[in-house]
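Q: Below are the structure tokens for one structure; questions will follow.
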Amino acid sequence: ERVGCGASGRNGGHLNNGLAHSFLSAKAELGKERAIALYRALDDSVDTIEALVAEESIDCNFRRAGKLKL
């Protein structure tokens, strides 16, 4: 059709509970306890967004699709 129609004209969002670098890298930089706390906070942030979507009845097609990082 025309530029801007369809998916290119819509907003898409992704929620990720990780970092660009690995847990081992975070552990080496921050220490074990702080790296664990960081990753737990990242997991909690996904739970927080999911709860906000439900509480505010936000129509955004939120779904957990999983993640695989190798």
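Q: For region 29-60, how many residues are part of a loop (DSSP other than H, G, I, E, B) and farther than 18 Å from Gly13 by Cβ?
A: 1
Q: Pull out all pairs, ordered by first then second residue, where Cβ-Cβ is under 7 Å, the residues are six or more apart or on different chains, the first lies in region 19-44 and is among the charged types (D, E, K, R), and the second is not in a helix (DSSP H, G or I).
A: Going by the 7 Å Cβ cut-off, the qualifying pairs are Asp43/Asn17.
Q: Consider Ala26 carefully, then state whether it is modelled with pLDDT under 85, part of a helix (DSSP H, G or I) and of a type outside the set (S, T, N, Q).
A: no
Q: So, one more: Applying the selection to region 16-40, what residues are surrounded by 11 or more Cβ atoms within 10 Å (Cβ to Cβ) and hydrophobic (A, V, I, L, M, F, W, C)?
A: Within region 16-40, Leu19, Phe23, Ala26, Ala28, Leu30, Ala35, Ile36, Ala37, Leu38 qualify.
The values are calculated or read from the model by the stated rules, or taken from the named source; none is laboratory data. Computed from a predicted structure; not experimentally measured. Cβ atoms come from the backbone with ideal geometry, glycine included; neighbour counts cover every protein chain shown.
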